[in-house]
Amino acid sequence: MEDVKNCKSLLITIGWINALFAFVFFQLFCGIIAVCMGIVLKSDYHAEKHGLTLIIVGVIGGIAGWILNYLYF
């Protein structure tokens with residue numbers, strides 16, 4: 001049971017880091033990783049709240065980062 005909690009917190013951390021990086025660095029790649037982490041959390045770890053939030057933030061972060069990158073560079 002302890003390993004499941006460690007893996008769940010690790011997936012949440014990796015997902016949020018990628019969701020934040022989607023605004024600045026690799027928009028498409030990090031956005032997709034955040035969405036995938038959200039799907040895994042939602043389906044396998046039954047963390048519906050974190051999973052759905054990561055999916056939404058990953059999509060919005062990827063699109064917004066892509067638009068900001070296009071406007072500034």
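The values are calculated or read from the model by the stated rules, or taken from the named source; none is laboratory data. A quick note: this is a predicted structure, and the numbers were derived from the prediction, not measured. All Cβ positions, even for glycine, are placed from backbone atoms using ideal geometry, and neighbour counts span all protein chains on display. Please note that ligands, DNA and RNA were not included when accessible areas were found on the heavy atoms of the full protein model with its side chains. Shrake-Rupley method; radii C 1.70, N 1.55, O 1.52, S 1.80 Å.
Some points to look at:
- Residue among LYS8, LYS42 that is open to solvent by 40 Å² or more (accessible area, probe 1.4 Å), touching a Phe, Trp or Tyr at 6+ places or on another chain (Cβ under 7 Å) and either modelled with pLDDT under 90 or in a helix (DSSP H, G or I) (or both): LYS8
- Exclusive hit being outside any loop (DSSP other than H, G, I, E, B), open to solvent by less than 90 Å² (accessible area, probe 1.4 Å) and closer than 14 Å to ILE12 by Cα, set LEU52, LEU68: LEU52
- Count of region 24-39 residues which are open to solvent by less than 80 Å² (accessible area, probe 1.4 Å) and either at pLDDT below 90 or in contact with a His (Cβ under 6 Å, 6 or more places away or on another chain) (or both): 1
- Selection of region 29-44 for residues being under 11 Å from the mean Cα position of the chain (by Cα) and either in contact (Cβ under 8 Å) with a residue 24 or more places away in the chain or more than 14 Å from ALA64 (Cα to Cα) (or both) yields CYS30, GLY31, ILE32, ILE33, ALA34, VAL35, CYS36, MET37, GLY38, ILE39, VAL40, LEU41.
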